[in-house]
Amino acid sequence: MHRRDLLQILGACSVLPFVPREAGAAIAFGRRLHKSVHTDGLEALNPDQARLVASIADRIIPRTDTPGASDVGVTEFIDHLLAHWYENEARNRFMAGLADLDRRAGGSFVELSSERQVAFLTLLDGVKGAPGTAETAFAILKSLTVYGYFTSERVVKEVTREPIIPGRFDGCVWF
């Protein structure tokens, strides 16, 4: 993966109001958040919601020859953001959207087969929905998953394998 590709992906996450707009600051902010994540328990999500978030995150970024979303702690990252960075109203709308997503998936998204999960999420992808709906919750979850994944230490070391912010660049210099 090249720096430009990564910055383009992170730019897609700029819909998150608490993320700095400048790429370097957004990456640094995400790295600091990962360090403050509690791994000893959930802070905002209940266990069923955490399973739902993990299941969706793993459909967005599945494990292949690289780690998947759950492998790098994306669920815990999202839980931490919901607990500490989201205002109550926004968090409640997101939780209502998760409930709507589960309901529309037949009562339990996590119990669907992998193929049906992908098909269901494909129907939601890119569709604009009202606050508190499955469409909006999926869009937010997708942004949070991508942001959490690409700012995790493991992905920076194992997947991108190059510095996100390069050293000096002297273009068009005459020798």
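A few comments on the model shown:
- Within the stretch 131-168, the set of residues being of a type in the set (G, A, S) and at pLDDT 95 or above comprises G132, A134, A137.
- Residue in the stretch 73-91 that is surrounded by the fewest Cβ atoms within 10 Å (Cβ to Cβ), counting only those that are under 11 Å from the mean Cα position of the chain (by Cα) and not acidic (D, E): G73
- Test: residue in the stretch 68-79 that is among the aromatic types (F, W, Y), at pLDDT below 90 and over 22 Å from G126 (Cβ atoms): no
- Residues that are of a type outside the set (S, T, Y), closer than 15 Å to A57 by Cα and part of a loop (DSSP other than H, G, I, E, B) do not occur anywhere in the stretch 80-98.
- Annotation: of all residues in the stretch 60-72 being outside any helix (DSSP H, G or I) and of a type in the set (S, T, N, Q), the one that is surrounded by the most Cβ atoms within 10 Å (Cβ to Cβ) is T66.
- Among (1) more than 14 Å from A57 (Cα to Cα); (2) at pLDDT 95 or above; (3) surrounded by fewer than 16 Cβ atoms within 10 Å (Cβ to Cβ), the one test that G126 misses: (2)
- Output for the stretch 99-123, where each listed residue is in contact (Cβ under 8 Å) with a residue 12 or more places away in the chain and either assigned to a loop (DSSP other than H, G, I, E, B) or buried (at least 16 other Cβ atoms within 10 Å of the Cβ) (or both): D100, L101, D102, A105, F109, Q117, F120, L121
- G30, sole failed condition from (1) under 13 Å from the mean Cα position of the chain (by Cα); (2) within 27 Å of A130 (Cβ to Cβ); (3) not hydroxyl-bearing (S, T, Y): (2)
- Of the residues making up the stretch 49-57, at least one is within 16 Å of T151 (Cβ to Cβ) and buried (at least 19 other Cβ atoms within 10 Å of the Cβ).
- For F138, the stated conditions do not hold, so it cannot be described as closer than 21 Å to P20 by Cβ, under 17 Å from the mean Cα position of the chain (by Cα), crowded, with 22+ Cβ neighbours inside 10 Å and of a type in the set (A, V, I, L, M, F, W, C).
- Criterion violated by F175 - all others in (1) assigned to a loop (DSSP other than H, G, I, E, B); (2) at pLDDT 95 or above satisfied: (2)
The values are calculated or read from the model by the stated rules, or taken from the named source; none is laboratory data. Keep in mind that what you see is a predicted model, and the values were worked out from it rather than measured. Neighbour counts are summed over all protein chains in view; Cβ atoms, including those assigned to glycine, are modelled from backbone coordinates with ideal geometry.
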